[in-house]
Amino acid sequence: MIATTFHITLATCASLFLLFDFYDTSTAMFRTGYQRGTTAFASPPASSSWMRRLTTKGSAATATSAFTHVGRRPSWGLLSAAFLVSSSHRVVSATNPSTGFCSSSANKHPLPPFIPAQTCLAAHAPGGADGVSVAPAPTSASLEAVSSPTEKKTLQPKYRSSYRQPDYWIRHTDLLFQIVPDPDPEAPAGATVTYVTSTLTVERNVDGGPSPGIPNLELDGEELTLMEIKVNGQPLPWDGSAFLLTAESDLLVLGKTIEAASAGKGDFTLQTRVLIRPESNFELSGFYKSGSAYCSQCEAEGFRRITYYLDRPDVMARFRVRIEAEKAKLPLLLSNGNKMATGELDGGRHFAEWEDPFPKPSYLFAVVAGDLGSIVDSYKTMSGRDVRLEIFSEHENVDKLEHAMTSLKKSMRWDEEVYGLEYDLDVYNIVAVNDFNMGAMENKGLNVFNTAFVLAKPETATDTDYERIEGVIAHEYFHNWSGNRVTCQDWFQLTLKEGLTVFRDQQFSADMGSAAVKRIEDVRVLRARQFAEDSGPRAHAIRPESYMKMDNFYTSTVYEKGAEVIRMYHTLLGAAGFRKGMDLYFARHDGSAVTCDDFRAAMANANGKDFSQFERWYLQAGTPVVTAKGAYDAALKRYSLTLSQHTAGTVGQPSKLPFHIPVRVGLLGKDGRELVPSTVLELKEASQTFEFENVEGGTPVPSLLRGFSAPVRLKVEQSDEDLAFLMAHDTDSFNRWEASQKLASQAILAATEALAGGGTPAPLAPTTVDAFRAVLKAGLDDTGVDRSLLAYALSLPDELTLLGEMDVMRPVALHEGREHVKKSLAAALKPEFMDVYQALDKDVPYLVTPQEIGRRRMKNVCLSYLCTEKDAGAVALASSAFQRATCMTDSIAALACLASLPGPEKDEALEIFYTNAKGDPLVLNKWFSIQALADLPDTIDRVHALTRHPDFSMKNPNRFRALIGAFANSNLARFHAEDGRGYVLVADMVLAVDKLNPQVAARLAGAFSLWRKFENTRRNMMKAQLDRLMAVGDGLSRDTFEIVSQSLLSA
C-alpha cells in the first residue's frame, strides 16, 4: 500500500507536486457516532442501553437508524423494542409506533419496502406469509443478555513480543453484498444501505492455538449492526447463552456453542448478517462511497467495518464474493480474483460473483460497485498466459488512463525479467477513486487507487505526476508477490512487505529513467521526512516493538528506511546474491504469513553470509552518525580511512549497539582520476580503520558513502574547495550532487546563524559561485547531459532537511538564510541563469521522456532563481512564462513563482488557473497548494479564507492535504510565524477533521511533534496547542490521541 502524507514540495521552487510518501502511510478510524443530515447523536438514555450494545464503537444510533428514522426524531422514547428476526430471510424489522411502519427485507424483495407494522409478519414475501418461518423476536431483555458487561478497554499498546497464533483459522470466506435503497422514508433520495452476509468455514488451530479445549471465538467488529447469527446453519438464541457482543463491539461466540455444534472438534461454519452504511462512512475505512461509486479500503483493520472477522494478517482464507445492486445505477460490480458468474435479478437488479483461488488475509479484500468508464488492454506473461488488464475511472477521466496502463505493462515485464515473478490471475483491475486516505492499495487482482496516482495528461499533470504514477502503479503491482503471495505474520512486520516493495519500485523507476536522478529523489525524501522521525518523540525501528493504533505506523521509517535496509542487503550481496535470496524467500514462504526474520534468514542462507548483527536495523531506532577521518602515508603510498559510528539515544532506547553498515567509497587523485574504484567497506564496530595500498599521486580526495549506501548521517571535514572538486570530478553521480548540497548547506547554515544573532550574512565564497556557474555551463551542452541531475545540483537543500541539521530549530531565520543564498547566487549568476533559461525555453510538443523532463526541470529551476528579486522584471518574466505555458509542468512552475511575487499579476494568474481547471479535482488541488505555499506576509490569511472556499472540503483527504497539509508541513516560515497564528490554525484544523477522519487528523497533528527542538518562544506556543488538543479528552480520536500524547510525554 502507498500511503500519503501532508508534505508538499515545490521542486526547486518551480514545479509544484504533491509529495505522497509510502507510509501508509496508511487506515483511518473515528468514533463520532452515526450522523445523518445535520444531526449528530450522542448515546441514548439508559432505557435504550440494549440498542447501544447492538452497535459498535462510538455509533450509538446506528442500529436504530438502520430501520427507523430515529435520526430525524427528537426523542429516543419513540423507539420500540419489537425486533423480528427471520431465520430464512435473515431479516430484522423494527417497529416505530410514531409512524406505524417497519422495515423488512426478504429474498423475494431485493429492495426492502416500508410496510405497515400490523402486516409485517405476513409480508416478508409478495403474497403474504408464504410459509416463511420467523424466529422469536428478541426482547429488550434478550438483547441486553447478549451484551457483555465488560467495561470498554482503554487505549493500550500492543507488543510484538505478545504475538500468538489465533485459536481458530478461517479457511473459506463467502460474502454476499446487497446494496439496497435506504428503507427510511425520510432518507435522502437515492440513499442506500448495504447488507453483508458472511459465511465462514472455521477450523480449530490444533497445532499452534494457545488455548486448551474449545475456546471462545472472538471476531473483530466495528460500526456494524448485527441482524442474524447462525452456527452450522442453526440460528443462535439471543439470550446470552450462545454469543455475546463485547464492550469493544467484537462478537464473542462462546466455546460451549462451538463445542456443541462441532461435536467437540472445534470446526464449524459461522454465518452472520450485518447492516452497514457506506454513505456515512467519512473515515474512508471499510466499505464507503466515493462520488457515485462504492469501494473498500481494508488495510490495516478496515475489514472489521464490513463484517465480523478475525481481522489480522496471519489468518488467510479463500474468498468467494457475490455482489447484488441496481443495474442502472451500479452496472460495474468488482471484487478480488477471477469473475465466475454474472446475471440478472428481479426489480432491475443484477449480480456478479468473484472467486480468488489464492488464500489471503482480510486486509487484501476489495469490492467496488459503480458506474465507471475504463480502458482495456492485455498482457502475455512469460509463460504465455493472457491477462486481461482494465483500469477504471469516472467516465470524464477515461482519457487520462493511458499512462497508467503503459506503466502497468512495463511493471509486469520488469518483474519477470528482474525477479522471474509472473502474474497469477486471469484479470488485473485498477479502480481510481477521488476519496481515498492512502495513495493506493494492492488488493489481490483489484487495486484501488487515489486518482492522484492514476490520472494524467499533459494539460493536468506535471512531469513529477507522470513519474510518480509510473512508480506507484509498479509498487502496487509488485505487491502481488512481496505482500500478497507472501504476507506479514502481524502488523509489526509491516516493513517486510512495504520496505521490500518500495525498494523494488525504486529499482524499477531507476531502470525506466535515470538511476542517479531516482536515487537523489529518494534520498531527498528520506532526509526530509524519515530523519526527522528518527530524531523525534515517536522514533521507532523499522519493525516497531509496540503501537496503539496501527494507522499511525504507516511511517517513513517503515517505508523509506525499510527500503534502505533492503537496499543494504543488495549492496552487501550484489545483484546476483540478492536475487538468490529473493528466490529462496519466495520458494520457502509462498502462501504464508511470515516475519522480517524469515526474510533475513533467506538472504543469509542463500548466500552463506552471517546477518545476525544486521538484525539491529530491525531492533534499534535512530539515525547512525558515521564520522570519517583519513590519513595518507606518502612513503608507504598508503591511505588509511577511519570510520566510527554513534547513534543517539531515542525514547525507550537510551543506548545503541553498533550497526552493520555498508559504506561504499572511492578515492580520487588531485587531477580528477579515480585512483580506487567503488569499494564496499563493512563497518561493524564502533570504530574501524581501513587501509588502501599503492595509492599514487599524493593525498587522495575520498568520495564517501557513494550512492548513499546506508541511511546514515556522514560527518567529514570538507572545505569549500574539496566540495567544489567533487562536484566537478567525482565519478559517482550521487556524490557529485551530494557535494553541491553540502556546499550550499554550509553557506545557508552560516547565513542562518548570522541572522539569528542579529548580524548580516557574509557574501558567498567565490568557490561556491564558481561551482554553480560550472553546473549552469554544463546545462548548455546538448551532447547527452542529464539535465535533471544538473537541475537537482542547482536546487538548494530544502528547509525540512536543513532544520534537521540544527541543534536548536529556528525556522524563520533558516528561511531567511536560505533566501539570502539563493538571491546571492541569482545576482552573481544572472546572465548565466538567463542564458540557460532562454536556451531551454522551447516551443516543442510535450513528451514524457527523460531528456524532455530534464529540459523542463532545468529551465524551471532557472526561472525560480530569476524571480528571487521579486521586482518588476521578475513579475514580467513569470507572467510571460505562465501565459506561454503549453503543459501543466510549465504552467505550475510559473504560477508558483508568481504566487510569491507582489502585484495584481499574481491574482490574475490564479484566477485564470482556477477557471482553466474546469472543476478538475487534481488541478484544483494544485491551485490550493500554490497559495498555501506562497512566501507572502498574508499567506495565513489566504489559507484561512480558502478553508471557506466552496471547493474546499475536509471530507476529501486530497483537498485537505493540498491546503492545510501543504501549509503546515512545507511552508515552514509561515506555519512557524512569530505571532503563533499558524499553530492555532493547524490545531483548529486537527480538531475539525478529527471528527470526520482521524487518520488525516493524526498525521496533521504530527506537525507539532518536534516542538521540544525549537527555540523557547515557538516551543512554548507549539506545546500550548498540543495541550489544547489533549484537553479535548475522550472527544479526541484514538489515532490523534496517540500522536498528541506521545509528543507531550516523550522527553
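The values are calculated or read from the model by the stated rules, or taken from the named source; none is laboratory data. No experiment lies behind these values; they were computed from the predicted model shown. Every residue, glycine as well, gets a Cβ built from its backbone with ideal geometry; the counts of neighbours run over all protein chains shown.
Worth a mention:
- Residue in region 325-333 that is under 17 Å from residue 429 (Cα atoms) and surrounded by 23 or more Cβ atoms within 10 Å (Cβ to Cβ) present: yes
- Given (1) at pLDDT below 95; (2) touching a Phe, Trp or Tyr at 6+ places or on another chain (Cβ under 8 Å), number of the condition residue 652 does not satisfy: (2)
- From the list 855, 942, 948, the one residue that fits, being over 22 Å from residue 967 (Cα atoms), of a type outside the set (Asp, Glu) and out of contact with any Phe, Trp or Tyr (no Cβ under 7 Å at 6 or more places or on another chain), is 855.
- Failed item in (1) more than 25 Å from residue 503 (Cβ to Cβ); (2) in a helix (DSSP H, G or I); (3) touching a Leu at 6+ places or on another chain (Cβ under 8 Å); (4) not basic (Lys, Arg), with residue 737 passing the rest: (1)
- Meets criteria (touching a residue at least 40 places away in the same chain (Cβ under 8 Å) and within 30 Å of residue 424 (Cβ to Cβ)) for residue 274: no
- Here residue 894 qualifies as in contact with a Phe, Trp or Tyr (Cβ under 8 Å, 6 or more places away or on another chain), under 30 Å from residue 512 (Cα atoms) and assigned to a helix (DSSP H, G or I).
- Subset of region 907-923 [surrounded by 22 or more Cβ atoms within 10 Å (Cβ to Cβ) and closer than 25 Å to residue 823 by Cβ]: 909
- Flag: residue 437 matches the condition of being in a loop (DSSP other than H, G, I, E, B) and at pLDDT 95 or above.
- Flag set for residue 434, criterion: surrounded by fewer than 24 Cβ atoms within 10 Å (Cβ to Cβ), touching a helix residue (DSSP H, G or I) at 6+ places or on another chain (Cβ under 6 Å), polar (S, T, N, Q) and not assigned by TED's automatic domain parsing to the domain that holds residue 521.
Here's the yes/no breakdown for (1) of a type in the set (S, T, N, Q); (2) in contact with a Lys or Arg (Cβ under 8 Å, 6 or more places away or on another chain); (3) within 27 Å of residue 533 (Cα to Cα); (4) part of a helix (DSSP H, G or I):
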position: 945; (1), (2), (3), (4): no, no, no, yes
position: 958; (1), (2), (3), (4): yes, no, yes, yes
position: 965; (1), (2), (3), (4): no, yes, yes, yes
position: 989; (1), (2), (3), (4): no, no, yes, yes
position: 996; (1), (2), (3), (4): no, yes, yes, no
position: 1005; (1), (2), (3), (4): no, no, yes, yes
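- Hey, residue 225 over 24 Å from residue 366 (Cβ atoms), touching a residue at least 60 places away in the same chain (Cβ under 8 Å) and hydroxyl-bearing (Ser, Thr, Tyr) or not: no
- Counting only residues that are under 30 Å from residue 602 (Cα atoms) and part of a loop (DSSP other than H, G, I, E, B), region 461-483 holds 4 of them.
- The set of residues in region 948-989 that are surrounded by fewer than 17 Cβ atoms within 10 Å (Cβ to Cβ) and over 22 Å from the mean Cα position of the chain (by Cα) comprises 948, 949, 950, 951, 978, 979, 980, 981, 984, 988.
- Spans of strands (runs of 3 or more DSSP E) in region 145-221 with at least 3 residues on the phi < 0 side of the Ramachandran plot and aliphatic (A, V, I, L, M): 168-181, 192-204
- Single condition residue 608 does not satisfy, out of (1) closer than 20 Å to residue 561 by Cβ; (2) over 25 Å from the mean Cα position of the chain (by Cα): (1)
- A single entry from 740, 788 fulfils the requirement of being more than 22 Å from residue 805 (Cβ to Cβ), surrounded by 19 or more Cβ atoms within 10 Å (Cβ to Cβ) and of a type in the set (Ser, Thr, Tyr): 788.
- Counted residues, region 395-424 - those being in a loop (DSSP other than H, G, I, E, B) and surrounded by fewer than 21 Cβ atoms within 10 Å (Cβ to Cβ): 3
- Looking only at residues in region 357-386 that are of a type in the set (Gly, Ala, Ser) and touching an Asp or Glu at 6+ places or on another chain (Cβ under 8 Å), the one that is farthest from residue 477 (Cα to Cα) is 373.
- Members of region 713-738 that are free of Cβ contacts under 8 Å to residues at least 60 places away in the same chain, closer than 20 Å to residue 677 by Cβ and of a type in the set (A, V, I, L, M, F, W, C): 725, 726, 728
- Taken together, 650, 699 contain a single residue that is buried (at least 16 other Cβ atoms within 10 Å of the Cβ), touching a residue at least 60 places away in the same chain (Cβ under 8 Å) and not assigned by TED's automatic domain parsing to the domain that holds residue 565, which is 650.
- Any chance residue 209 is at pLDDT below 95 and within 27 Å of residue 298 (Cβ to Cβ): yes
- Hits in region 678-706 (condition: of a type in the set (A, V, I, L, M) and assigned to a loop (DSSP other than H, G, I, E, B)): 686, 695, 704, 705
- Of the residues making up region 360-376, those that are of a type outside the set (A, V, I, L, M) and within 30 Å of residue 314 (Cα to Cα) number 5.
- When residue 709 is tested against (1) assigned to a loop (DSSP other than H, G, I, E, B); (2) of a type in the set (Ser, Thr, Tyr); (3) more than 24 Å from residue 568 (Cα to Cα), only condition (3) is not met.
- Answer residue from region 1020-1043, given it is in a helix (DSSP H, G or I) and among the small types (Gly, Ala, Ser) and is farthest from residue 552 (Cα to Cα) among those: 1024
- Candidates 864, 824 - the one that is among the hydroxyl-bearing types (Ser, Thr, Tyr), at pLDDT 95 or above, part of a helix (DSSP H, G or I) and touching a Pro at 6+ places or on another chain (Cβ under 8 Å): 824
- Near pairs, Cβ below 6 angstrom, 6+ apart or cross-chain, from region 963-983 (more than 15 Å from residue 1024 (Cα to Cα)) to any residue that is among the hydroxyl-bearing types (Ser, Thr, Tyr) and assigned to a helix (DSSP H, G or I): 966/929; 974/939
- In the set (1) of a type in the set (Val, Ile, Thr); (2) in contact with a strand residue (DSSP E or B) (Cβ under 6 Å, 6 or more places away or on another chain); (3) more than 30 Å from residue 1013 (Cα to Cα), residue 625 fails one condition alone, (3).
- Residue among 643, 657 that is in contact (Cβ under 8 Å) with a residue 40 or more places away in the chain, more than 28 Å from the chain's Cα centre (by Cα) and in a loop (DSSP other than H, G, I, E, B): 657
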